[in-house]
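Visitor: Below is a structure I'd like to ask you about.
The values are calculated or read from the model by the stated rules, or taken from the named source; none is laboratory data. Please read all numbers here as calculations on a predicted model, not as lab measurements. Quick reminder, even Gly has a Cβ in these numbers, built from the backbone with ideal geometry, and neighbours come from all protein chains shown. Calculation scope for accessible area: heavy atoms of the full protein, side chains included, ligands and nucleic acids excluded. Shrake-Rupley method; radii C 1.70, N 1.55, O 1.52, S 1.80 Å.
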Amino acid sequence: MTWRFALVIDPAPVDDTRTDFADTFTQIDPSAPALTVGELSTQRGDGIFETIGVIDGHVQEAEAHLQRLAHSARLCDLPAPHPDQWRQAIARAAAACGTGECAIKLILSRGVEHGPAPTAWVTAAETADFTDARDIGIRVVTLDRGYDITTPDRAPWLLLGAKTLSYAVNMAALREAKRRGADDAIFVSTDGFVLEAPTASLILLRGDRFITPAPHGGILQGTTQQSLFDHFRAHRYAVDYETIPVADLATADGAWLVSSLRLAAPITEIDGTPLPVDTALTASINHYLLSPRD
Ligand code: PLP
């Protein structure tokens, strides 16, 4: 990853009334050491993050990402992020992005044990080239996530609906998918329902309806999926949130993994079963996702 920019933030309390947060920011060299060894984000993965796409300097869906950051903070008992402070930090990072596609990361960590405050920082970096995934598509395998659909309600301390820094499980699932000859994975619950991918949401086409797994504590609410559903509704397509049995994957009329950086990757095969790919529809979806979105 080529880093372009990094900014350390001194997090302000959410009721701070000032309008300019410039003096809470310290720009640092993104390739130089910045965290202390006691940082709980590195020691325990104890923190939350957001990854935001920037296209030709336009920050995609900034408010949706800030809302999800606040939601994750609530679930993790972290102090609420001050929206204006983070907006200003995002604007600083976006200014370093230039043209083309870029990724901004927001990170809020519990900080240092017994330290004075949480630590927070924002980075900007170049993104990978996702052309093949968007144009040719991806092969996926289903992988057991190890919990049933009611687990998140019974065990909120698992933080299943929070975007925490603890992505070791998600990365392990991607490695397992590759070992099985696929490009990506779809997590399924132990009671046989479809959840999400390790770093993306799933959208299926069934007839002329787009569906996605119903929002519940076990999956992350995807900003890309929600933006696409708004777009589909505006174009009079039917969209629905459903509890989707795993068996329904093989009979879908189309399927995509969608996320902020890779955007929509059409699924060409699930567990070895080919799926129809509508190239024109996928191109129009990515055309929308690449347009400026708020
Ligand atoms: N689900 C998980 C587990 C993710 O990590 C991500 C993105 O990183 C998504 C879904 C898609 O979210 P978004 O569309 O906001 O990028």
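Visitor: At a threshold of 8 angstrom on Cα-Cα distance, excluding pairs fewer than six apart, so keeping six or more, what relative contact order does region 32-151 reach in percent? Don't jump to the answer; show the numbers that get you there.
Guide: Numbers: 150 pairs, mean separation 33.3, N = 120.
For region 32-151, the relative contact order is 28 percent.
Visitor: Quick check: pseudo-label points 7 Å beyond the Cα along Cα→Cβ at Asp191 and Asp129, how many nm apart are they?
Guide: That separation, rounded to one decimal, is 4.6 nm.
Visitor: Here is a follow-up. Could you look at the chain and say what percent of its accessible area is carbon and sulfur, using a 1.4 Å probe and all protein chains?
Guide: So the carbon and sulfur contribution to the accessible surface is 54 percent.
Visitor: Report the one residue of His82, Thr123, Gly47 whose Cα lies farthest in the direction of the positive end of the charge dipole of region 3-126 (charges on C-beta: Lys and Arg +1, Asp and Glu -1; origin at the Cα centre).
Guide: Among His82, Thr123, Gly47, the one farthest towards the positive end of the dipole of region 3-126 is Gly47.
Visitor: So, in Å, what gap is there between the alpha-carbon centers of region 66-81 and region 226-256?
Guide: The two parts, judged by their Cα centres, are 28 Å apart.
Visitor: For region 131-290, give the magnitude of the charge dipole about the Cα centre (Cβ charges: +1 Lys/Arg, -1 Asp/Glu; no others), in debye to the nearest 20.
Guide: Its charge dipole is roughly 380 debye.
Visitor: Further, regarding this structure: Select from Val246, His235, Gln221 the residue farthest towards the positive end of the dipole of the chain; place +1 on Cβ of Lys and Arg, -1 on Cβ of Asp and Glu, and compute about the Cα centre.
Guide: The Cα lying farthest towards the positive end belongs to Val246.
Visitor: Considering only protein heavy atoms, what per residue accessible area in square angstrom results for region 144-294 with a 1.4 angstrom probe?
Guide: On the way: 6740 Å² over 151 residues.
I get 45 Å² per residue for region 144-294.
Visitor: Ok, one more. Treating the angle as unsigned and between 0 and 90°, give the value, to the nearest 10°, between the Cα long axis of helix 223-234 and the longest Cα principal axis of the chain.
Guide: Here the helix axis deviates by roughly 60 degrees.
Visitor: Expressed as an acute angle from 0 to 90° and rounded to the nearest 10, what is the orientation of the C-alpha long axis of helix 168-179 relative to the principal long axis of the chain?
Guide: 40 degrees
Visitor: Then there's this: Mind checking the per residue accessible area of region 1-138 for me, 1.4 Å probe, whole number of Å²?
Guide: Working: 6840 Å² over 138 residues.
Spelled out: the 1.4 Å probe surface of region 1-138, per residue, equals 50 Å².
Visitor: Can you tell me the convex hull volume per residue for region 131-290, based on C-alpha atoms, in Å³ to the nearest whole number?
Guide: Value for region 131-290: 105 Å³ per residue.
Visitor: Something else: Using a 4.7 Å Cβ cut-off, which Cys residues in the chain lack a partner cysteine?
Guide: Cysteines lacking a close Cβ partner in the chain: Cys76.
Visitor: Next up: Along the Cα-to-C-beta direction of Thr19, a point sits 7 Å from the Cα; which residues of region 45-89 have their amide N less than 20 Å from that point?
Guide: In region 45-89, the label zone of Thr19 (backbone N under 20 Å from the point 7 Å along Cα→Cβ) covers 82-89.
Visitor: Taking the alpha carbon gyration tensor of the chain, what are the square roots of 5 times its eigenvalues, largest first, to the nearest whole Å?
Guide: 33, 22, 18
Visitor: Next up: Could you state, as a whole-number percent, how many of the C-alpha pairs of region 3-126 are farther apart than 23 Å?
Guide: 26 percent
Visitor: Label-point separation (nm) for Ala247 and Ala283, each offset 7 Å from Cα along Cα-to-Cβ?
Guide: Spacing of the two 7 Å Cα→Cβ label points: 3.8 nm.
Visitor: Assign unit charges at the C-beta atoms only (+1 for Lys and Arg, -1 for Asp and Glu), then state the dipole size of region 3-126 relative to its Cα centre in Debye, rounded to the nearest 20. Can you show the working numbers first?
Guide: Values: 9 positive and 17 negative charges, 32 e Å.
Roughly 160 debye for region 3-126.
Visitor: Per 0.36 nm of contour for each residue apart, how much would the distance between Ala91 and Ser291 grow if the chain were fully extended, relative to their Cα-Cα spacing?
Guide: Additional length available on full extension: 70.2 nm.
Visitor: Okay, moving on. Would you mind working out the magnitude of the charge dipole of the chain relative to its Cα centre, with +1 at each Lys and Arg C-beta and -1 at each Asp and Glu C-beta, to the nearest 20 Debye?
Guide: Using only the charged Cβ atoms, the result is roughly 200 debye.
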